[in-house]
Amino acid sequence: MTIDRINPIDPIQNPRKSDGPQRADKGSKGDSIAVSSEAMEKAELFRVIEMVKAAPDVRADRVAELKAKINDPAYLDETLLTATADRILDQLL
């Protein structure tokens, strides 16, 4: 029995030098999206609704000011009551 010389690497499978990681072409562009104007309007509306929801429902400073005015007997006169009634009727009609 004859044993020939055994190489750990066959000449066919010689290791090749690696070129390292391949870089993308500088001219190629990445992914992109296009957003319609309708979608942009809806997104803006959503942001505004969220801001309104976050705002306090009652302005405590304004309520305190109006309470002080109502408690003042000189504030409630016939002219003010007539103007207020007219505004209420205008909004209802």
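Please treat every number below as a calculation from the coordinates, not as lab data. What you are looking at is a predicted structure, and each value in this text was computed from that prediction instead of being measured. Note that each Cβ is placed from the backbone with ideal geometry, even for glycine, and that neighbours are counted across all protein chains shown.
At a 10 Å Cβ-Cβ cut-off, how would you order Thr79, Thr84, fewest neighbours first?
Working: Thr79 8, Thr84 11.
If I rank by nearby Cβ atoms, fewest first, I get Thr79, Thr84.
Could you work out how much longer the chain between Ala43 and Val58 gets when fully extended? Use 0.36 nm per residue separation minus the Cα distance between them, nm to one decimal. Mind showing how you got there, number by number?
On the way: separation 15, 0.36 × 15 = 5.40 nm, distance 2.66 nm.
Length gained between Ala43 and Val58: 2.7 nm.
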